[in-house]
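The values are calculated or read from the model by the stated rules, or taken from the named source; none is laboratory data. Since the structure is predicted, the reported quantities are computational estimates derived from the model, not experimental observations. Cβ sites come from the backbone with ideal geometry, for glycine too, and all protein chains shown count toward neighbours.
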Amino acid sequence: MRILKNCFSVIIIAVFVGIPDYFHAQEAWTLERCIKYAVENNIQVKQQEILVEQQEVSLLQSKYNLIPSLSAGTGYSMGWGRVLDQTTNDFVEGPRQENANINLSSSVVLFAGLQKQNLIKRNKINLQANIQDVEKLKNDISLNVAAAFLQILLSQEALSIAEEQLVSTREQLAKTQKMVDAGKLTLSNLLELQAQQAAEEAAVTNAKNNLDINYITLTQLLELPDARNFAIAKPQLPELPSEFGESTSVQGIYENALSFQPTVKGAELRLESARRYLSIAKGQYYPSLSLSASISSRYSNTNMDPSTGYQRAFPFWDQWSNNQNTGVSLNLSIPIFSGLQIRSEVKNAKLNVRTYELDLQRTKNNLYKEIQQAQADAAGQLKNYHASQKNVEAMRESFRYTEKKFDVGLVTSTDYVVAKNNLFKAQSDNIQAKYQYVFKMKILDFYKGLQITL
C-alpha cells in the first residue's frame, strides 16, 4: 500500500511539473513571434533607446536654458588686529572682527541671435532622428530574423529530401543484394550502390548539421541562450504564382517608401539639424543683450553706530536693513573681432549642410537600387523556381525509368547513381529557388510598408 502511494505521488509530480515543462520546451515559434521577441530583447535596440532618452534630456535642458538664472551666496570671515571693515570701508582694530555677507542675483539673456531658440529646434530634430535610428534597427532585425527563419524552413526541406534519397537507396541496395546473390548482377553494382549509400548518409548528416547551425543563428538573433529546446512553427506557404505580376512599379514602391522608411526620414532630419546648426553659428554675428538683477547686504561686529560714533555690534537684521544694496543692469555685447572664429564656424556649418544633402541623396539612391534589385531578384527566382520544377519532374521521370531498367539489368549501377544524383540536385535547386523568391517578396512587402509575416 505504501509503495502504491509513492508511485501515485511520482505520477502527480510528473503531471504537474514535468509535463508542462515538456510542452513548453516543444512550443513552436511563429515568424511573427520571433520578430517581436527579437525586437523587444535586442541589446542594440535597448542601447539605441538609451540614446533617445539622452537626447530627450538634452532637449529639456535647452528649454530650461531660456529660464532666468538665480543664484544665492553667503560668506563669513573672522580676523584679528587691524583689518578693513568691508561694511564701513574703514580700518578697525580689535581682538576679533567678524564679517558676513549675503547676496541674491539673477540674470536672463534677452537676445543672442536666436541661438538658444534654434538650439531647442535642433534638439527636437535630433530626437526625432534618434527615434528613426531605433526604427531602422528594428527593421534590420526583422529582415534578419525573417531570413534566418526561412533558412531553417529551407534546411528542413533539404534534410527531408536527403532522407528520402537515403531511404530509396537502402531499398535499392537490398534489391541489388538479392540480384547479386542470384547471379543476375555483378558485385561491382552492389559496391557502387554501397558507396552511394555512404555518400547519402554523409549528405543527411550535413543537412542535419546545417539545420542545427541555422537554428543557432536564429536563436542568437533572438538573444536566446540555448537552441536545443527551440522549434519553429512551419507555416503553410501559398502556392507560388505562375508569373511575376508587377502590380506596383519600382518607382511606385520607391515613392511610397520615401514617406516612411526610417533611413530616409533619418537622413532628412539630420539635414534639417545641420541647417539649424548653421543658424546657431550665424547667430554669433549678432549682439547679445542680457538683463541682471541683484540684492545683497553685509554684517560686521565692528559696525559704527552713526548716532554715537562708537563701534558696537548691531543686531543682524538691523544691519541687513541698513546695508542693503539692490541693483539692476542691462548688458550689451557686440562682437567686433574674434580671430575670424565665427566666420570659420559658419563656413564649416555650410559645408556640413552640403555633406548631409549629399548623404540624403545617397540614401534615396540606395533605397531605389535596393527596391529595384529586390523586385528583379524576386522575378528571377520565380522563373528559376518554375524552370527547376520542370527539371524536377523530368529528372524524376528519368530516374523512375532508369530504376526500372536497373532492376532488370539493362543499365549499370553507374547510370542509376547518376540519375539519382541528378534528381537530388534538381530538387535542391527547386526548394532553393522557392525560398529565395519568398524572401525577396518579403523584402518588397517591407518596402511597401507591409508587416513581415508568413
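Descriptive notes on the structure:
- Scope the range 395-439; condition among the charged types (D, E, K, R), surrounded by fewer than 20 Cβ atoms within 10 Å (Cβ to Cβ) and under 27 Å from Gln375 (Cβ atoms); matching residues: Asp429
- Unmet requirement for Gln373, which otherwise passes all of (1) surrounded by 13 or more Cβ atoms within 10 Å (Cβ to Cβ); (2) without any contact (Cβ under 8 Å) to a residue 40 or more places away in the chain; (3) not assigned by TED's automatic domain parsing to the domain that holds Met441: (3)
- For Ser160, the conditions (1) surrounded by 13 or more Cβ atoms within 10 Å (Cβ to Cβ); (2) touching a residue at least 12 places away in the same chain (Cβ under 8 Å) all hold with the exception of (2).
- Taking the range 166-198 as the range and being touching a helix residue (DSSP H, G or I) at 6+ places or on another chain (Cβ under 9 Å) and among the small types (Gly, Ala, Ser) as the test, the residues that pass are Ser168, Ser188, Ala195.
- Those residues of the range 175-223 which are outside any helix (DSSP H, G or I) and farther than 27 Å from Ser160 by Cβ, in sequence order: Ala182, Gly183, Lys184, Leu185, Thr186, Glu223
- Ala387 vs. criteria in contact with a Lys or Arg (Cβ under 9 Å, 6 or more places away or on another chain) and modelled with pLDDT of 90 or more: no
- Figure legend. Inter-residue proximity from the range 95-116: first residues over 30 Å from Ser300 (Cβ atoms), second residues assigned to a helix (DSSP H, G or I) and charged (D, E, K, R), beta-carbon distance below 8 Å, spacing 6+ or different chains. Indicated pairs: Val109/Lys116; Gly113/Lys282.
- For Ile102, the criteria (1) in contact with a Phe, Trp or Tyr (Cβ under 9 Å, 6 or more places away or on another chain); (2) in the same structural domain as Ser279 (by TED's automatic domain parsing); (3) more than 27 Å from Glu32 (Cα to Cα); (4) of a type in the set (Val, Ile, Thr) hold in every case but one, which is (2).
- Listed by first and then second residue, the pairs with beta-carbon distance under 7 Å, at least 6 apart or on different chains, first residue in the range 425-436 and in contact (Cβ under 8 Å) with a residue 12 or more places away in the chain, second among the β-branched types (Val, Ile, Thr) and assigned to a helix (DSSP H, G or I), are Ala426/Val392; Gln427/Ile161; Gln427/Val392; Ser428/Ile161; Asn430/Val392.
- Within the range 164-190, the set of residues being free of Cβ contacts under 8 Å to residues at least 40 places away in the same chain and more than 48 Å from the chain's Cα centre (by Cα) comprises Arg170, Glu171, Leu173, Ala174, Gln177, Lys178, Val180, Asp181, Ala182, Gly183, Thr186, Leu187.
- In the range 323-347, the residues that are among the polar types (S, T, N, Q) and without any contact (Cβ under 8 Å) to a residue 12 or more places away in the chain: Ser338, Gln341, Ser344
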